[in-house]
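A short write-up of the structure that comes next.
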Amino acid sequence: MLRMLQRLLGGRLPHLFTIILGANAWSCDDAGATTVLAKVKLGEVDRLAVCNDGSEAAYYLEANTSSREWLVYLAGGGWCHDHESCAAREDGTAFPHQSCNTSTLSSPCFMSNKDFPETCGKPNLRAQAQAKAKAKAKGGGKGKSGKGKCVQEESFTDFQVDDWRHLPLDPAEAVGAPKGIQGHCVVSHDARLWCIGGARPDTSSPQISLLLFDLHRRCWSDMTPKPAESAPSWRWGHSSVVVPAQYPPQPGTRENLLLLCGGFDKETNMNDVWYFCPQNGQFFQPRVGMDSVPVVGAYHSLAYDSATDEAYLFGGQKCVQGKYEFYDTLLKCGLNCGSWLIVHTRGARPPERGQHSCAISNRVLVLHGGSNRYKLLRDVWTLKLDASTPHWSEVKIFGPSLWVGKKQKAVPYQIAPCRPFLAASGDGILVLGRGKPSKEDHPGDLSLWALSLQRRRWRRVPVEMPPAWAGNFAASFHEGGVGNVLLVLGGERMGSSAVAGTGGPLCDGELWSIDLAARPSKLLLLTLQKLLRSGSVRFSEDVLRTIFGFSMGRLMDMIAHM
């Protein structure tokens, strides 16, 4: 991106933009100022180096002639927490530069060394207000709140993706949306989306549920196999992964199959294996030896290794008289030969679990989330498959971890849904899961997160109008691969029935989609427009979006190298 900006600006990259992209600095005011720093103006170096309000950019410096250690101060922009405060900071009406001799908490000097307790090294104003509100609710307004720990969630600020949008049904169609469906899987082909299996209220069949959604006509069709047709029995909680119809795949072909494993119904823990062909909507079983896995049950995870044409299955859970037992076994099977075998690994293994997700990229299996009899899990594990004896490694996360909720009291024959969607590319993963609810009876929004396995820090992907999260939803990239468009369907209603997400409830059975092509954020566009405003080169916002959208490409590609 920096090289593209250099070409865009005639080979000159503004110093301020280098600071914006390369610096991650915080500043605090403390008492006892004794040194005056020299102000270095950047306008003398490059006239395009300006601040958001159009004023000349600068930094502050204290040179030390007797040491190689110099002090460089990059002035921060202050704190804003909503549209009004951020707009005021952007247009210069809030927190203007002024004399350090008269600076106060409400009107601070950027270079002040005075100590404002509410802003320096202590909880930010928003966190403090939340703490006071909680103390007031618990203690009738007279409770005390300590400093606490200020934890900031990190998000991408240089790009964003499109808003969530739902695909409404044609009201004239007879087959309605599959409301409340959960424990299913989805796969797309051409302009069709298949919904396979799943439990729905007041719905059952001898054969597995099979629904087809036409993405052009916006209508559902019930394609459930007849009793005499070859197909799995009715079930939910089965695992699935997209695999090529032939190996190695032929160049230019898009023929894939969906591999299905296990699941359960109201009476049986299953371990059978099936293929589903999205081209013709038919099921068939694989060869003998691969047609059943050594563990029975559901909510395990499947991943496909394209380097060796092997499928891997981890964990899962089975129901025993209303209670659930969990697995921590890793199995693998070649799609063209052999049978399911236990993979022997070194070191500590991930705890037993179900409802987790996994994926393989660059011969590394990544495992995340799920739950067991003790707690909901948010951990991340990796396993290098090209080692002679693979070794599990837990990814130690820096900063806050994802919010997954609280473990509920066990109820016989009931599962507390928590399964996320995970995709991997390069050294990064993308997770679609549950956002922290703002109210007690709210399920939380469907949130998008990215994790670099090198930086080991979660970053939220900015996206607007998300639906309300629903337990054990299903998601798939369009055409079954890692593309731009992610389709999401169904899930169990959680929280109050009257509560919906910002964009609406996911559990109502309507299909939701999001285009994951990365685009420049509003902040980045605004900064570029101001930088270019005084130059001879001028671009409209639409042109800038097109240029940066082409340069950034897919979100998954950016995650792979972030």
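In summary, strands (runs of 3 or more DSSP E) completely within the range 385-446 and bearing 1 or more residues that are within 25 Å of Arg349 (Cβ to Cβ) and under 16 Å from the mean Cα position of the chain (by Cα) occur at 421-425, 428-434.
Here the condition is being more than 26 Å from Ala450 (Cβ to Cβ) and not in a loop (DSSP other than H, G, I, E, B); of Cys319, Cys358, Cys337, it holds for Cys319 alone. Screening the range 309-332 for residues that are without any contact (Cβ under 8 Å) to a residue 40 or more places away in the chain and either within 22 Å of Gly426 (Cα to Cα) or of a type in the set (Gly, Ala, Ser) (or both) and picking the one that is least open to solvent (accessible area, probe 1.4 Å) gives Glu310. Restricting the range 226-252 to residues that are touching a Pro at 6+ places or on another chain (Cβ under 8 Å) and open to solvent by 20 Å² or more (accessible area, probe 1.4 Å), the residue that is farthest from Leu313 (Cα to Cα) is Pro227. Counting the residues of the range 270-308 that are assigned to a strand (DSSP E or B), in contact with a His (Cβ under 8 Å, 6 or more places away or on another chain) and touching a residue at least 40 places away in the same chain (Cβ under 8 Å) gives 2. Applying the criterion of being touching a residue at least 24 places away in the same chain (Cβ under 8 Å) and surrounded by fewer than 17 Cβ atoms within 10 Å (Cβ to Cβ) to the residues of the range 436-452, the residue that is farthest from Ser401 (Cα to Cα) is Asp441.
The set of residues in the range 351-368 that are surrounded by fewer than 21 Cβ atoms within 10 Å (Cβ to Cβ) and within 21 Å of the chain's Cα centre (by Cα) comprises Asn362, Val364. Does Glu310 satisfy the condition of being closer than 20 Å to Val404 by Cα, among the charged types (D, E, K, R), assigned by the TED database to the domain that holds Gly262 and over 23 Å from the mean Cα position of the chain (by Cα)? No, not satisfied. Does Ala348 qualify as being surrounded by fewer than 23 Cβ atoms within 10 Å (Cβ to Cβ), of a type in the set (Gly, Ala, Ser), more than 24 Å from Phe326 (Cβ to Cβ) and out of contact with any Ser or Thr (no Cβ under 6 Å at 6 or more places or on another chain)? So Ala348 does not fit the description; no. Against the conditions (1) in contact with a strand residue (DSSP E or B) (Cβ under 6 Å, 6 or more places away or on another chain); (2) of a type outside the set (Asp, Glu); (3) closer than 25 Å to Leu330 by Cβ, Gln454 satisfies every one except (1). Taking the conditions exactly as written (farther than 25 Å from Trp458 by Cα, open to solvent by 50 Å² or more (accessible area, probe 1.4 Å), free of Cβ contacts under 8 Å to residues at least 12 places away in the same chain and among the basic types (Lys, Arg)), does Lys409 satisfy them or not? The answer is yes for Lys409. Return a yes/no flag: does the range 209-225 have any residue that is open to solvent by 70 Å² or more (accessible area, probe 1.4 Å), assigned to a loop (DSSP other than H, G, I, E, B), within 21 Å of Ser513 (Cβ to Cβ) and in contact with a helix residue (DSSP H, G or I) (Cβ under 8 Å, 6 or more places away or on another chain). For the range 209-225, residues open to solvent by 70 Å² or more (accessible area, probe 1.4 Å), assigned to a loop (DSSP other than H, G, I, E, B), within 21 Å of Ser513 (Cβ to Cβ) and in contact with a helix residue (DSSP H, G or I) (Cβ under 8 Å, 6 or more places away or on another chain): absent.
The values are calculated or read from the model by the stated rules, or taken from the named source; none is laboratory data. Computed from a predicted structure; not experimentally measured. We place every Cβ from the backbone using ideal geometry, glycine too, and count neighbours over all the protein chains shown. For accessibility, only protein heavy atoms count, side chains too; no ligands or nucleic acids. Shrake-Rupley method; radii C 1.70, N 1.55, O 1.52, S 1.80 Å.
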